[in-house]
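I have placed the structure first, in the form of structure tokens, so that the comments after it can refer back to it.
The values are calculated or read from the model by the stated rules, or taken from the named source; none is laboratory data. Quick caveat: nothing in here was measured; it's all calculated off a predicted structure. Neighbour counts run over all protein chains shown; Cβ positions are idealised from the backbone, glycine included.
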Amino acid sequence: MDTLVYETENKIEQYHWWFRARRELFADIVRQKLKDVRAAKVLDIGLSSGANMEMLQDMGIGEIHGVDFSDEAVQFCSARGLKNVRKGSVTELPFEENSFDLVLATDIIEHVDDHKTAIAEIKRVLKPSGIALLTVPAYKWMWSYHDDACHHKRRYTAGSFRKLVASSGMRELKSYYFNFVLLPIIFLGRKVSDLFGAYEKIERESSDSLINQFLFRILSVDIAFSRRVSPPFGVSFLMLCEKE
């Protein structure tokens, strides 16, 4: 992708309801799991426009590293002033074993052909008792143009993702679906977009200021509820796991 695409992504990630609510969730989890944020060393896998790295920077994390398979993403994030960003694949991370207190791989694993190696690499670069924060899209039956456009390889169920992570030897700490309230609307919206090619229009309308704020509030409440109750379904699945 060229620089203009990343500039557009950066603008969207800053205000779009989906990205905003997720970042608040991730920031809260990071604060809870890191005893001393200023002494922590954290890795963000999959830079895109750098929104997660910027969030970690604003939190005062002591040392932040970012990696992305795209040269353009690395160049864009470097130009934005984000430090310690480099090119690399989640299946072959360019870091030594036992390097990080926490690794974020949020909506990354579904892009990889060899997802088992990706999880093993995340485990390898974690310090003993280090934490991985992982999110993936849920349910094969939710597949749509959106997945094709994002170059997804698969979507997961709670069971299939737990089995994948367990095969690496990491210990699950907590997991749950989230974005369950809006699942029927998102499902119907994406199926309509597949039929009539209205995907871009639906995305624009959901980014309208009033609709955007309304959806942000719904997802924020949804996430708070999901963390406590663990609903049996949702658009996304989140897992926290530990390297023993």
Self-check item: Pair list, Cβ under 8 Å, 6 or more apart: segment 151-167 residue free of Cβ contacts under 8 Å to residues at least 60 places away in the same chain, other residue of a type in the set (Ser, Thr, Tyr)
Solution: ARG155/TYR139; LEU164/TYR156
Exercise. Give ALA132, ALA73 a once-over and let me know the one that is closer than 26 Å to ARG154 by Cβ, crowded, with 21+ Cβ neighbours inside 10 Å and at pLDDT below 95.
Key: ALA73
Quiz item: Only one of (1) in a loop (DSSP other than H, G, I, E, B); (2) touching a Pro at 6+ places or on another chain (Cβ under 8 Å); (3) on the phi < 0 side of the Ramachandran plot fails for VAL67. Which number is that?
Solution: (1)
Self-check item: Subset of segment 116-151 [in a loop (DSSP other than H, G, I, E, B) and out of contact with any Ser or Thr (no Cβ under 8 Å at 6 or more places or on another chain)]
Solution: TRP143, CYS150, HIS151
Quiz prompt | Of all residues making up segment 14-29, the number that are at pLDDT 95 or above and either within 17 Å of SER175 (Cβ to Cβ) or more than 13 Å from the chain's Cα centre (by Cα) (or both) | solution = 5
Quiz item: Somewhere in segment 34-54, is a residue without any contact (Cβ under 8 Å) to a residue 24 or more places away in the chain, of a type in the set (S, T, N, Q), on the phi > 0 side of the Ramachandran plot and not in a helix (DSSP H, G or I)?
Solution: no
Quiz item: Can you name the residue in segment 194-208 that is within 15 Å of PHE19 (Cβ to Cβ) and in a helix (DSSP H, G or I) and is also modelled with the highest pLDDT among such residues?
Solution: SER206
Quiz item: When segment 159-183 is examined, which residues are found to be touching a strand residue (DSSP E or B) at 6+ places or on another chain (Cβ under 6 Å), buried (at least 17 other Cβ atoms within 10 Å of the Cβ), more than 19 Å from THR117 (Cα to Cα) and of a type in the set (A, V, I, L, M, F, W, C)?
Solution: PHE178
Quiz prompt | Criterion (free of Cβ contacts under 8 Å to residues at least 60 places away in the same chain and buried (at least 21 other Cβ atoms within 10 Å of the Cβ)) met by exactly one of GLU92, GLU110, GLU121, GLU96 | solution = GLU121
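ILE186: touching a helix residue (DSSP H, G or I) at 6+ places or on another chain (Cβ under 9 Å), touching a residue at least 12 places away in the same chain (Cβ under 8 Å), surrounded by 16 or more Cβ atoms within 10 Å (Cβ to Cβ) and in a strand (DSSP E or B), yes or no? Let's see the steps before the verdict.
On the way: touching a helix residue (DSSP H, G or I) at 6+ places or on another chain (Cβ under 9 Å): yes; touching a residue at least 12 places away in the same chain (Cβ under 8 Å): yes; surrounded by 16 or more Cβ atoms within 10 Å (Cβ to Cβ): yes; in a strand (DSSP E or B): no.
Spelling it out, it is not the case that ILE186 is touching a helix residue (DSSP H, G or I) at 6+ places or on another chain (Cβ under 9 Å), touching a residue at least 12 places away in the same chain (Cβ under 8 Å), surrounded by 16 or more Cβ atoms within 10 Å (Cβ to Cβ) and in a strand (DSSP E or B).
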Practice problem: Name the single residue, out of those in segment 227-244 being surrounded by 21 or more Cβ atoms within 10 Å (Cβ to Cβ) and under 18 Å from GLN32 (Cα atoms), that is farthest from the chain's Cα centre (by Cα). | Solution: LYS243
